[in-house]
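A quick write-up on the structure given underneath.
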Amino acid sequence: MGVEGAALVRFSDCSDPNLDQDSSVLLLSASPAGRKRKRRKMNLQGSDAPLQADDEQDAPWTRFSAWLECACVVTFDLELGQAMELVYPQDVKLTEKEKTSICYLSFPDSYSGCLGDTQFSFRLRQSVGRRASRCKENVYDQDAPITLQSEKSHFYGYVYFRQVKDISVKRGYFQKSLVLVSRLPYTHLYHMLLQIVAPEFFGKLQPCLEAVCNEIDQWPSPVPGLTLNLPVMGTTLQVRIPSITDKPEGSPVRTPPNQNLLPPPTVLPTLHELDLFSCFQSMLVHLHMLWELTLLGEPLVIMAPSPKVSSETVLALISTISPLKFCCDFRPYFTVHDSEFREYTTRTQAPPSVVLGVTNPFFIKTFQTWPHIIRLGEVRMAGELPKQVKVKKPCKLKTLDTKPGIYSDFKTFLQKDKILIKRLLKGLQRKRPSEAQSAIIRRNLLELTQSFIIPLERYLASLMPLQRSVTPWKSPPQIRPFNQEEFLSTLDHTGPQLTSLLKGDWTGLYRKFFRSPNFDGWYRQRQRWMKQKLESLHLEILCDADLLGWTQDKSEVEIVDLILKLREKLVKARKQQLQVKEGVLEKLDSFIKTIISSLPSDLLTVLNSDE
């Protein structure tokens, strides 16, 4: 029934007694068969010595660029406002539009009143013309979970902003931001890196930043599945890069034995995960509503008291549907100066599928026509029980002093998980650690998303041609198109009710999901993988076929046609890095050379010149 070689997930605690607990089902993160990659042999403790042979010929800053696009320093100029003081490495090509966007997004809004040190994140659209993917990114993306793949059309910005009183400055305040710009969504890693670097940087400025960038340029590349040691300023951060083959909710990073590092490394349990409990603690009773809004790609505005709260809440929302990738736009921190401001605030058309995090009260009036707005209050002191916000009609969001709440007319398709809510609220009363509360939330939402995706994966697998229909003498057969009604008819027997206790209108939820960018992105990605699987299978069958015997009674035209088609398939296979059995491509290359050598000299010359 299934796509051969797909990664499997096992539900050992399924609630439905009629479902075999040892049954395996296709999961969203299914990967090509066998997925036995020829990885470079690297020291799992993070030593980059084995990499030196591979990277000796790399251009300057090649290793640095595997982690970061650049580091920027943004300062406040009395005449210019926010201004770019420094970009490092100096030869990094940022467009003027990108520089302007980074400047505006690197400072908290004046309404935020952020004194002291503040950390937050933003995401900006890259300028047209720089979106060509790089070879190393392609290699990384093939092994990385889809939610951690590198961005092709956007940059992430990780900000450490400092605002302190300084009588030596005309305005009376020192205001500066250190920003790390990357294509990777490694939120936790980069904010930890900034906590190490920024305090030192604000005292020593450019020499400090140069030294740090040179250290990062010595880091091993981020290879999924490996645990790496990343030295910076006398500290070593130890991280494990997640892999597509990891089990959901895998074990945290453990320090490998026989470490000789002094001082011992600081082990980061995650590269990217946020404290979900802190982000959602005032909305725990509405968790499943937030999950549905995110799953369906609904237009959503988060109005927060600070860029930190804004960016963390947006990124937390995006993560609620993992391992499904959020395929809509999202801006963890959005300002009136953003180049997409007019695009997102026009009233001549329906709001786009985007999640925006804002802090300026001006947006209350600007986004009055949006269907879903979450107004967050000030962060409470540790130990205080957060008051759960209420869902209110959007029309009640009118004034600047509007109370915190979820302003939406959205009717959920599924009922609330009262057991989960009760468990989380009881954890609040008993002062259960935030990490434990976050783990409960993450596991529950992961299982909910898996329950939703599994029926889709099962149906998608049924669209694949049977292996016996793939023959060496014909092009690979076509994958059957996705038929929504046919899929919905399967839900009675293979629907989410098999693995989820939640009741509700699952069919209605699927119907709306089919109209969302998230379904389109998921289906395109899975369809692309299935086509590559068929191409790989076809190459392997060709390799096992008696091609030399086939040519014995064929004309030169037919033989040349076969050679050209095989060459085209081999070029495509190498370009797409198709996963095939070891030796398949080499054997087909050898066959082509053997056949060409048996042809007349005039054809031999023509075919060799085409290589």
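One table, with the values for the structure above:
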{"quantity": "Per-residue ³J(HN,Hα) for segment 283-294, Karplus 6.51 cos²θ - 1.76 cosθ + 1.60, θ = phi - 60°, Hz, x for Gly and Pro", "calculated": "10, 4, 6, 10, 3, 6, 5, 4, 4, 5, 4, 6"}
{"quantity": "Along principal axes, Cα extents of segment 331-449, largest first, whole Å", "calculated": "47, 33, 27"}
{"quantity": "Gap separating the Cα centres of segment 263-328 and segment 437-467, nearest whole Å", "calculated": "19"}
{"quantity": "Two-site label geometry, residue 341 and residue 195: point separation in nm, points 7 Å out along Cα→Cβ", "calculated": "3.3"}
{"quantity": "Given charges at Cβ of Lys, Arg, Asp, Glu: segment 523-605 dipole, positive-most of 601, 591, 542", "calculated": "542"}
{"quantity": "Given charges at beta-carbon only (K, R positive; D, E negative), |dipole| of segment 61-116 in Debye", "calculated": "240"}
{"quantity": "Residue 505-residue 594 FRET efficiency (beta carbon distance; Förster radius 56 Å; 0.05 resolution)", "calculated": "0.35"}
{"quantity": "Theoretical gain in end-to-end length, residue 80 to residue 525 [0.36 nm per residue, Cα-Cα removed]", "calculated": "155.8 nm"}
{"quantity": "Cα gyration tensor shape for segment 149-188, rounded if a/c is under 1.5, else prolate or oblate", "calculated": "prolate"}
{"quantity": "Solvent exposure ordering (accessible area, 1.4 Å, most first) of 340, 96, 312", "calculated": "96, 312, 340"}
{"quantity": "For residue 459, net neighbour charge (Lys/Arg +1, Asp/Glu -1) across residues whose Cβ lies under 14 Å away", "calculated": "-1"}
{"quantity": "Normalised convex hull volume, segment 153-298, alpha-carbon set, Å³ per residue", "calculated": "201"}
{"quantity": "Under 13 Å, Cβ to Cβ, from residue 354 - net charge with Lys/Arg +1 and Asp/Glu -1", "calculated": "-2"}
{"quantity": "Loop trypsin sites (Lys or Arg not before Pro), segment 453-553, which have at most 16 other Cβ atoms in a 10 Å radius of their Cβ (DSSP)", "calculated": "474, 503, 515"}
{"quantity": "Square roots of 5 times each gyration tensor eigenvalue, C-alpha, segment 506-589, largest first, Å", "calculated": "38, 13, 11"}
{"quantity": "Simple label model, 7 Å out from Cα along Cβ direction - residue 211 to residue 480, nm", "calculated": "6.5"}
{"quantity": "Cβ-based net charge around residue 160, under 12 Å, with every Lys or Arg adding one and every Asp or Glu removing one", "calculated": "+1"}
{"quantity": "Residue 572/residue 493 FRET efficiency (R0 41 Å; Cβ-Cβ; nearest 0.05)", "calculated": "0.60"}
{"quantity": "Above-threshold pairs, the threshold being 23 Å between Cα atoms, out of 325/531; 387/418; 97/365; 247/503; 554/575; 97/176", "calculated": "97/365; 247/503; 554/575"}
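The values are calculated or read from the model by the stated rules, or taken from the named source; none is laboratory data. None of the values given here were measured: they were computed from a predicted structure. Every residue, glycine among them, receives a Cβ derived from its backbone with ideal geometry; neighbour counts consider all protein chains shown. Remember, those area values only see protein heavy atoms, side chains included, never the ligands or the DNA or RNA. Shrake-Rupley method; radii C 1.70, N 1.55, O 1.52, S 1.80 Å.
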